[in-house]
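**Q** Just passing along the structure, written as structure tokens.
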Amino acid sequence: MMTLYGYWRSSASYRVRIALGLKGIDVIHKPVNLKAGEQLLPSHTELNAQALVPVLELEDGSRLTQSLAILDYLEEAYPKPSLLPSDPVKCAQIRAASQIIAADIAPIQNLRVLKYIRAEHGQGDEGVKAWAAHWIAEGFRALESLASKSNQTFFLRDEPGYFECCLIPQIYNARRFGVNMNSFPNLLHLDEIVKYHPAFVAAHPSNQNDMPSN
């Protein structure tokens, strides 16, 4: 069985958990406590030289990092059910929208960046929150425009897939940082219609064993 090293509130880990659930793949979950700095220990940097999560360790010992690379691996190694459409143009459009989240929004509001803003630029809770909320809202304005042009149930598909794996964790983060989601009705609609989907429920941070009890 494969092993997923992740953190309960990591949006990148959350993306991979959703994808695994949509494909019906069971894995062993091994938590890495980012708040406690476990990602910096040699035992983890041996798994991922960047000292980040997630890491998907395959049954043969191969290790995969970067959440979208892991999603691509899952799509190629376990093609059914698919996370992407067969149409190559739609496939590229979904990947591009997903990259807005994974490459443009999430990296500048993740834990290590927010810690740097606190330590090196003297920002307290409100400054850090405002930074994160600003960049999430900037990206969401573009995604809202794209989503408004989709005439299918989900983004360019009739089933949840690759894009929703990225979007739903980012909406979770948006709410944490106080982004007004009412400004993004099409994104909010996608979040609402997967609310009770088993793969999304199981992947939710509140349902992870390493979520703190207090």
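The values are calculated or read from the model by the stated rules, or taken from the named source; none is laboratory data. These figures come from a predicted structure and were not determined experimentally. Cβ coordinates were reconstructed from backbone atoms using ideal geometry, including for glycine residues, and neighbour counts include every protein chain displayed.
**Q** Being closer than 30 Å to Ser148 by Cβ, surrounded by 16 or more Cβ atoms within 10 Å (Cβ to Cβ) and within 20 Å of the chain's Cα centre (by Cα): is that true of Leu68 here?
**A** Details: closer than 30 Å to Ser148 by Cβ: yes; surrounded by 16 or more Cβ atoms within 10 Å (Cβ to Cβ): yes; within 20 Å of the chain's Cα centre (by Cα): yes.
So Leu68 fits the description; yes.
**Q** Ala132 - would you say it is touching a residue at least 40 places away in the same chain (Cβ under 8 Å), outside the structural domain of Leu68 (by TED's automatic domain parsing), closer than 19 Å to Leu34 by Cβ and under 16 Å from the mean Cα position of the chain (by Cα)? Break it down into steps so the answer makes sense when it comes.
**A** Values: touching a residue at least 40 places away in the same chain (Cβ under 8 Å): yes; outside the structural domain of Leu68 (by TED's automatic domain parsing): yes; closer than 19 Å to Leu34 by Cβ: yes; under 16 Å from the mean Cα position of the chain (by Cα): yes.
Yes: the conditions hold for Ala132.
**Q** Mind listing whichever residues of segment 114-166 are surrounded by fewer than 16 Cβ atoms within 10 Å (Cβ to Cβ) and among the aliphatic types (A, V, I, L, M)?
**A** Ala119, Ala130, Ala142
**Q** In addition: Being exposed (fewer than 15 other Cβ atoms within 10 Å of the Cβ) and within 18 Å of the chain's Cα centre (by Cα): is that true of Pro169 here?
**A** No, not satisfied.
**Q** Then there is this: Condition test on Ala119, is it of a type in the set (A, V, I, L, M) and not in a helix (DSSP H, G or I)?
**A** Values: of a type in the set (A, V, I, L, M): yes; not in a helix (DSSP H, G or I): no.
It is false that Ala119 is of a type in the set (A, V, I, L, M) and not in a helix (DSSP H, G or I).
**Q** Let me spell it out: the conditions are (1) under 24 Å from Val194 (Cα atoms); (2) more than 12 Å from the chain's Cα centre (by Cα), and Glu126 meets all of them except one. Which number is the exception?
**A** Against the list (1) under 24 Å from Val194 (Cα atoms); (2) more than 12 Å from the chain's Cα centre (by Cα), Glu126 comes up short only on (1).
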